[in-house]
Amino acid sequence: MREVLYYAPTELTEATAILADHRDKAAVLAGGTDLLPKLNYYEVKPHALLYIGRLGLSSIHNGSSALTIGATTTTADLATHHLVQQYAPALAQAARLSGSVAIQNAATIGGNIANASPAADLVVALLALDASVRLLSHSGQRDVHLADFFLGPHLTILQPDELITQIHVPLSPGKTEFLKLGRRKGQTLAVVSVAVRLQLDGDLCHDARIVLGSMAPTPLRCRTAEHLLRGQKITTDLIHQAATQAIAESSPITDQRATAWYRKKAGEALVQRALLQALDKKEVRP
Ligand SMILES: Cc1cc2nc3c(=O)[nH]c(=O)nc-3n(C[C@H](O)[C@H](O)[C@H](O)COP(=O)(O)OP(=O)(O)OC[C@H]3O[C@@H](n4cnc5c(N)ncnc54)[C@H](O)[C@@H]3O)c2cc1C
């Protein structure tokens, strides 16, 4: 077996210098729950591993306009942190439904995003919350809306010398819901998942987000379905129309978890349920 260099820096400048040196020959290691199986099956063969768990990136703060979440914050911390529960309850819900307790204790938010699975639970919730990511390299940093981050399954705009350091979740009002359907009730990847956010004035919908997981090559914002709701009085009939439209925008595949046909049927019911349940949720007030 070939030797692999292992780095565990404590400074961001050191980490980005290592990435700049090794570029696509390096692999970033956070919780390892996605990366280690790939290493074990030789799907990736890096020359260097960059462990980022000592960079002080696991924290959650609220500023005047956004929650700032460090990239190595674990799924377990997201599920239980009072700021996430208060200002981004859909993200806390997604975290609670993601993997087992053991996985939640290791898995990080940055890893969920960078791995870019169409089924990534945290990403589905983050898209409904209009989140953005901060990317850092040796030559500078940039902020990117998560909606512009994904290019395809396990494919993103992240450059080989860039690290995700922070996730910003705007503090905005609204009622949210995250629901996930798997092949069993817990500890499983989504057959279909949905996150919704409704900004309401009485029964009038000012703005809406509908995001589907496992229904397209990347987690999918259903913009036409959102448009159907915007500016309209919310009725059960309109919710049914929006759910039908959301599924019309999806392009699920048949795989070992479900057929495309089943995903569409179940997905429509799940979107309807998420929208109806969101109406009964306590409003997030920044
Ligand atoms: C048994 C099992 C069950 C699972 N269940 C679920 C589930 O229900 N829902 C779900 O969404 N996921 C699930 N997962 C997938 C996985 O746990 C999550 O995607 C997790 O959030 C990945 O985070 P990590 O820290 O372990 O990433 P790692 O495995 O360390 O890294 C994943 C990828 O992201 C890159 N990376 C990590 N952090 C950064 C960063 N800060 N900057 C740049 N690149 C980075 C790595 O190089 C690697 O390519 C499951 C995995 C397993 C093994």
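The values are calculated or read from the model by the stated rules, or taken from the named source; none is laboratory data. This is a predicted model, so every value here is computed, not measured. As a convention, Cβ positions derive from the backbone with ideal geometry for all residues, glycine included, and neighbour counts pool all protein chains shown. The area values use the complete protein model at the heavy-atom level, side chains included, leaving out ligands, DNA and RNA. Shrake-Rupley method; radii C 1.70, N 1.55, O 1.52, S 1.80 Å.
With θ taken as phi - 60° and the coefficients 6.51, -1.76 and 1.60, list the Karplus ³J(HN,Hα) couplings across segment 156-168 in order, rounded to whole Hz; mark glycine and proline as x.
With the stated coefficients, segment 156-168 comes to 9, 7, 4, 7, x, 9, 10, 10, 7, 10, 9, 10, 10 Hz.
Spelling out what I want: for every residue of segment 249-262, take phi, set θ = phi - 60°, compute 6.51 cos²θ - 1.76 cosθ + 1.60 (Karplus), and round to whole Hz; glycine and proline get x.
So the Karplus estimates, Gly and Pro as x, are 7, 8, 9, x, 10, 8, 9, 5, 8, 5, 7, 4, 4, 5 Hz.
List, in order, the whole-Hz ³J(HN,Hα) value for each residue of segment 272-281 obtained from phi through the Karplus relation with A = 6.51, B = -1.76, C = 1.60 and θ = phi - 60°; use x for Gly and Pro.
Rounded to whole hertz, the list is 4, 5, 4, 5, 5, 5, 4, 4, 8, 7.
Determine the order of SER172, SER214 by accessible area, beginning with the largest, at a probe radius of 1.4 Å.
SER172, SER214
Return the subset of LYS185/LYS281; LYS38/LYS185; LYS233/LYS264; LYS180/LYS281; LYS233/LYS265 for which the Cα-Cα distance in this structure is over 19 Å, preserving the input order.
Going by Cα-Cα distance, LYS185/LYS281; LYS38/LYS185; LYS233/LYS264; LYS233/LYS265 fall outside the 19 Å limit.
Counting chymotrypsin sites (Phe, Trp or Tyr not before Pro) as exposed when in a DSSP loop with at most 14 other beta carbons within 10 Å, what is the longest stretch of the chain free of them?
43-286
Identify, among ALA27, TYR7, TYR51, the residue whose Cα sits farthest towards the positive end of the charge dipole of segment 5-51, taking +1 on the Cβ of Lys and Arg and -1 on the Cβ of Asp and Glu, with the dipole about the Cα centre.
ALA27
Using the basic label-point model (7 angstrom from Cα toward the beta carbon), what is the GLN232 to ASP255 distance in nanometres?
The answer from the label model is 3.1 nm.
Note down the nm distance, to one decimal, between modelled labels 7 Å out along Cα→Cβ at SER65 and at HIS154.
Once both label points are built, they end up 3.7 nm from each other.
Figure the gain on full extension for HIS47 and SER139 (residue separation times 0.36 nm, minus the Cα-Cα span) and round it to one decimal in nm.
Fully extending the segment from HIS47 to SER139 adds 30.9 nm.
With the dipole of segment 73-214 worked out from charges on the C-beta (+1 for Lys and Arg, -1 for Asp and Glu) around the Cα centre, which of VAL123, PHE150, ALA95 lies farthest toward the positive end?
Positive-end residue among those listed: ALA95.
Work out the charge dipole of the chain with +1 on the Cβ of Lys and Arg and -1 on the Cβ of Asp and Glu about the Cα centre, then indicate which of LEU228, HIS82, LEU179 is farthest towards its positive end.
Toward the positive end, the furthest listed residue is LEU179.
What longest region of the chain stays clear of GluC sites (Glu not before Pro) that DSSP places outside H, G, I, E and B and that have at most 13 other Cβ atoms within 10 Å?
Looking at the chain, 44-282 is the longest stretch - no exposed GluC sites (Glu not before Pro) with at most 13 other Cβ atoms within 10 Å.
With +1 on the Cβ of every Lys and Arg and -1 on the Cβ of every Asp and Glu, and nothing else charged, how large is the dipole of the chain about its Cα centre, in debye rounded to the nearest 20?
So the dipole magnitude of the chain works out to roughly 780 debye.
In a shell of Cβ-Cβ distance under 13 Å around GLY56, excluding GLY56 itself, what net charge do Lys and Arg (+1) and Asp and Glu (-1) give?
My count for the surroundings of GLY56 gives -1.
Rounded to the nearest percent, how much of the accessible area of segment 5-51 (1.4 Å probe, protein heavy atoms only) is carbon and sulfur?
Carbon plus sulfur share of accessible area: 52 percent.
Given charges of +1 on the Cβ of Lys and Arg and -1 on the Cβ of Asp and Glu, with all other atoms neutral, how large is the dipole of segment 1-91 about its Cα centre, in debye to the nearest 20?
Dipole size: approximately 140 debye.
Quick check on segment 5-51: take the gyration tensor over C-alpha atoms, sort the square-rooted eigenvalues as a ≥ b ≥ c, and tell me if it's rounded (a/c under 1.5), prolate or oblate.
Judged from the Cα gyration tensor, segment 5-51 comes out oblate (a/c at least 1.5, b/c at or above a/b).
Under the rule of at least 5 residues apart or a separate chain, name every residue whose amide H is placed under 5 Å from the amide H of LEU200.
Here LYS175, HIS206 satisfy the definition.
If you put +1 on each Lys and Arg Cβ and -1 on each Asp and Glu Cβ, how big is the dipole of segment 130-229 around its Cα centre, in Debye rounded to 20?
Dipole magnitude for segment 130-229 comes out near 520 debye.
With a sphere of radius 12 Å drawn around the Cβ of THR188, what net charge do the other residues whose Cβ falls strictly inside it have (Lys, Arg +1; Asp, Glu -1)?
Around THR188, the surrounding residues sum to +4.
Among the aspartates and glutamates, which fall within straight-line cross-link reach of LYS45, defined as a Cα-Cα distance under 19 Å, with same-chain neighbours fewer than 8 residues apart omitted?
GLU3, ASP21, ASP24, ASP34, ASP161, GLU162
Only helical DSSP H runs with n ≥ 4 go in: add -39500 (n - 2.57) per run for the chain, normalise by residue count and round the 222 nm mean residue ellipticity to 500 deg cm²/dmol.
Rounded to the nearest 500, the figure is -9500 deg cm²/dmol.
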